[in-house]
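Peer 1: Got a structure here, written out as C-alpha cells. Questions coming.
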Amino acid sequence: MYEELKQYITDIPDFPSKGIIFHDITSIIQNGESFKLAIDALYDVIKDIDFDVIAGIESRGFIFGAALAAKLNKGLVLVRKKGKLPRATVSEKYDLEYGQAEIEIHTDAIKKGQKVLVIDDLIATGGTVKAATKLIERLGGEVAATAFLIELKELGGRAALEPYVVRTVMVYEGR
C-alpha cells in the first residue's frame, strides 16, 4: 500500500554504521504533497481501529501522531526520552543494540480504560514500542494497535510486538 511514498524517502547508505541503509523520512515531511500522502496512508491503515487517543513516540512519532490526532479530533500523548517531561511520569527501560534507553509518559496522560493507538515513523526491532505499550498498560490503558510508516521486516519488530495489532504503510525487506 502506498508504495509510491518510497520515491520521497532518501536512502542514506552506511548510516549510522557501515552496512546499514538509513531510510530518511524527513524528505517526506518537508514536502506538503508527500506529507499529506503519508498521513492519508497512515489513516488508511488505522481507519478501522477503535481508539480514544494517540500516543506518539519521540520524535518522529510526534509528527505523524499530531497530524493524525488533528485529522481525527483525538488527543495526543507524548512518549518521550527520560527527563524531558515536566510533570510526574512513569518510565520504562528497554534494550538497544549496545546498552539501554528509557522512555516515559506523564502519569495523567492515559485514563483507565482508554484505548490507545501507538504511532511511530518506523518499526525495526520493536524495543521502543514494546516499552511504550508497557507504560500505557501500567497506566490502565489498552493498546488498540500500533502503526508505522515504515517496517524493517528483517529486524523482527512485528514478532516482538505480538499479540498487538501492527499496521504499516511500507515494508522494507533488508536492513
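Peer 1: Under unit Cβ charges (Lys, Arg +1; Asp, Glu -1), what dipole magnitude, rounded to 20 debye, does the range 1-75 have relative to its Cα centre?
Peer 2: I would put it at about 180 debye.
Peer 1: May I pose another question? Report the residue, chosen from ARG87, ARG158, ARG60, that carries the largest GNM mean-square fluctuation when the chain is represented by alpha-carbon nodes joined by springs under 10 Å.
Peer 2: In the Gaussian network model the winner is ARG87.
Peer 1: Just name one of LEU85, GLN114, GLN100: the one whose Cα is farthest towards the positive end of the charge dipole of the range 35-119 (beta-carbon charges, Lys/Arg +1, Asp/Glu -1).
Peer 2: Most positive-ward Cα: LEU85.
Peer 1: Specify the inter-centroid distance of the range 153-175 and the range 43-104, based on alpha-carbon positions, in whole Å.
Peer 2: Between the Cα centre of the range 153-175 and that of the range 43-104, the gap is 17 Å.
Peer 1: Any idea what the dipole of the range 23-120 comes to, in debye rounded to 20, about its Cα centre with Lys/Arg Cβ at +1 and Asp/Glu Cβ at -1?
Peer 2: With Lys and Arg at +1 and Asp and Glu at -1, about 460 debye.
Peer 1: Please go through the range 77-175 and write out the GluC sites (Glu not before Pro) that DSSP classes as loop and that have at most 16 other C-beta atoms within 10 Å.
Peer 2: Working: sites: GLU92, GLU97, GLU102, GLU104, GLU137, GLU142, GLU151, GLU154, GLU173; in loops: GLU97, GLU173.
For GluC sites (Glu not before Pro) across the range 77-175 that sit outside H, G, I, E and B with at most 16 neighbouring Cβ atoms in 10 Å, the list reads GLU97, GLU173.
Peer 1: Still on this structure: Taking the range 18-109, which chymotrypsin sites (Phe, Trp or Tyr not before Pro) meet the DSSP loop condition and have no more than 15 other C-beta atoms within 10 Å? Intermediate results must be reported in sequence, preceding the final value.
Peer 2: Values: sites: PHE22, PHE35, TYR43, PHE51, PHE62, PHE64, TYR94, TYR98; in loops: PHE51, TYR98.
When the chymotrypsin sites (Phe, Trp or Tyr not before Pro) of the range 18-109 are filtered for loop state and at most 15 Cβ neighbours within 10 Å, TYR98 remain.
Peer 1: Are any of the pairs LYS36/LYS81; LYS36/LYS112; LYS6/LYS111; LYS71/LYS111; LYS18/LYS74 more than 30 Å apart by Cα-Cα distance, and if so, which?
Peer 2: LYS36/LYS112; LYS6/LYS111; LYS18/LYS74
Peer 1: How much mean residue ellipticity at 222 nm does the chain get from its helices, if each DSSP H run of length 4 or more adds -39500 (n - 2.57) and you divide by all residues, to the nearest 500 deg cm²/dmol?
Peer 2: After summing the helix terms and dividing by the residues of the chain, the value is -8000 deg cm²/dmol.
The numbers here are math on the coordinates, done by the rules we state, and not lab data. The structure displayed is predicted, hence computed values, not measured ones. Heads up, the Cβs are rebuilt from the backbone with ideal geometry, glycines too, and the neighbour counts pull from every protein chain shown.
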